[in-house]
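Remarks on the structure that follows.
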Amino acid sequence: MFLSGKRALVTGSTSGIGLAIARSLHAGGAEIVLNGFGDESEIAALTQELSASHSAADLTDADAIEGMMKDAGGIDILVNNAGMQHVAPVDEFPPAQWDRIIALNLTAAFHTVRHVVPGMKEKGWGRIINTASAHSLVASPFKSAYNASKHGIAGFTKTIALELAQTGVTANCISPGYVWTPLIEGQIPDTMKARGLSREEVINDVLLAKQPTKKFVQPEEIGALAVFLCREEAGNVTGANWSVDGGWTAE
Ligand code: NAD
């Protein structure tokens with residue numbers, strides 16, 4: 001298996017896209033470090049399924065990230081995926097939610113990256129994959145913090161790709177459109193409220209309206225792309241922002 005001997009940390013991997021990425025990397029032979037919140041027994045089942053370790057670090061807290069990175073040991077593949085959303089008009093957007101979203105979706109990646117880069121440089125090999133979003137390229141109303149954080153992570157990724165270009169370490173974003181996960185399900189009630197729509201109208205007229213394929217992206221499709229980015233053949237793929245959005249940002 002081509003990832004045997006590689007150690008991968010996937011943040012926010014107890015659910016949704018991160019879990020699918022962790023499963024795909026595990027299937028490729030990588031040793032997995034999981035991170036994220038959730039029910040204790042469900043997490044225990046995941047660590048068993050993937051022969052993984054797990055960190056419950058809250059990535060909005062820089063000290064907790066520091067502890068997680070120390071415990072994780074040498075990381076060859078870093079996937080910054082943990083993220084959250086809040087939907088509200090900008091003049092009603094709770095400042096505490098703004099701070100939390102920027103901390104988790106953007107600043108956490110700065111901290112994990114600064115911890116892994118010296119080890120990756122020393123080995124002359126590394127893969128940094130950041131789950132951005134279609135919202136790293138285009139915006140939607142009522143998602144000011146999320147859009148700012150995702151545009152930010154796209155710029156951060158390009159910067160580190162350039163800094164690391166001659167080290168054997170690549171850095172790329174994956175930018176999904178709408179993927180059916182708890183994060184999407186959770187924003188439906190607030191979107192109903194912000195836009196005065198029913199649940200069906202939010203799904204069909206707001207979410208799928210963006211995606212010419214009229215289909216939600218599957219988490220496994222994101223996992224497959226993450227595996228590709230870890231291949232030797234992807235060594236010259238760096239600083240890219242990979243859309244997996246059913247054609248959304250082509251329009
Ligand atoms: P999800 O809610 O299913 O999973 C989020 C994961 O992050 C969970 O494991 C959760 O425990 C973890 N997490 C949340 N807060 C955390 C914190 N403070 N510290 C550590 N871990 C924390 O979400 P998802 O849809 O799988 O989203 C994963 C990533 O994909 C996010 O960055 C999100 O912005 C991005 N994304 C999702 C979609 C989508 O349609 N679902 C589209 C584009 C981008």
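Is it the case that Gly152 is assigned to a helix (DSSP H, G or I), of a type outside the set (Phe, Trp, Tyr), surrounded by 15 or more Cβ atoms within 10 Å (Cβ to Cβ) and within 14 Å of the ligand (Cβ to nearest atom)? Working first, answer last.
Details: assigned to a helix (DSSP H, G or I): yes; of a type outside the set (Phe, Trp, Tyr): yes; surrounded by 15 or more Cβ atoms within 10 Å (Cβ to Cβ): yes; within 14 Å of the ligand (Cβ to nearest atom): yes.
For Gly152, the condition - assigned to a helix (DSSP H, G or I), of a type outside the set (Phe, Trp, Tyr), surrounded by 15 or more Cβ atoms within 10 Å (Cβ to Cβ) and within 14 Å of the ligand (Cβ to nearest atom) - is met.
Being assigned to a loop (DSSP other than H, G, I, E, B), touching a Leu at 6+ places or on another chain (Cβ under 8 Å), outside the structural domain of Gln211 (by TED's automatic domain parsing) and within 23 Å of Thr249 (Cβ to Cβ): is that true of Gly83 here? Quick ask: steps written out before the conclusion?
Working: assigned to a loop (DSSP other than H, G, I, E, B): yes; touching a Leu at 6+ places or on another chain (Cβ under 8 Å): yes; outside the structural domain of Gln211 (by TED's automatic domain parsing): yes; within 23 Å of Thr249 (Cβ to Cβ): yes.
Yes; evaluated as a whole, the condition is true for this residue.
Could you please find all residues in the stretch 207-239 being under 24 Å from Gly29 (Cβ atoms), assigned to a loop (DSSP other than H, G, I, E, B) and within 20 Å of the chain's Cα centre (by Cα)?
Start the filter on the stretch 207-239 by keeping residues that are under 24 Å from Gly29 (Cβ atoms), which leaves 218-238.
With assigned to a loop (DSSP other than H, G, I, E, B) added as a condition, the list becomes 218, 230-231, 235-238.
If the condition is that a residue be under 24 Å from Gly29 (Cβ atoms), assigned to a loop (DSSP other than H, G, I, E, B) and within 20 Å of the chain's Cα centre (by Cα), then Gln218, Cys230, Arg231, Val237, Thr238 are the ones that fit.
Just give me the residues in the stretch 12-48 being open to solvent by 20 Å² or more (accessible area, probe 1.4 Å), more than 13 Å from the ligand (Cβ to nearest atom), hydrophobic (A, V, I, L, M, F, W, C) and outside any helix (DSSP H, G or I), in sequence order.
Correct list: empty.
Could you look through the stretch 170-193, keep only residues that are modelled with pLDDT of 90 or more and among the aliphatic types (A, V, I, L, M), and pick out the one that is nearest to the ligand (Cβ to nearest atom)?
Val179
Would you confirm whether or not the stretch 49-59 contains a residue that is more than 27 Å from Phe228 (Cβ to Cβ), in contact (Cβ under 8 Å) with a residue 60 or more places away in the chain and within 14 Å of the ligand (Cβ to nearest atom)? I'd like the intermediate steps shown before the answer.
Keep residues of the stretch 49-59 that are more than 27 Å from Phe228 (Cβ to Cβ), which gives 56-58.
Filter once more, keeping what is in contact (Cβ under 8 Å) with a residue 60 or more places away in the chain: none.
For the stretch 49-59, residues more than 27 Å from Phe228 (Cβ to Cβ), in contact (Cβ under 8 Å) with a residue 60 or more places away in the chain and within 14 Å of the ligand (Cβ to nearest atom): absent.
The values are calculated or read from the model by the stated rules, or taken from the named source; none is laboratory data. Predicted model, so just to flag it, every value in this text is computed and none were measured. Note: ideal-geometry Cβ built from the backbone for every residue, glycine included; neighbour counts use all protein chains shown. Quick note on the areas: whole protein, heavy atoms, side chains included, nothing else; ligands and nucleic acids left out. Shrake-Rupley method; radii C 1.70, N 1.55, O 1.52, S 1.80 Å.
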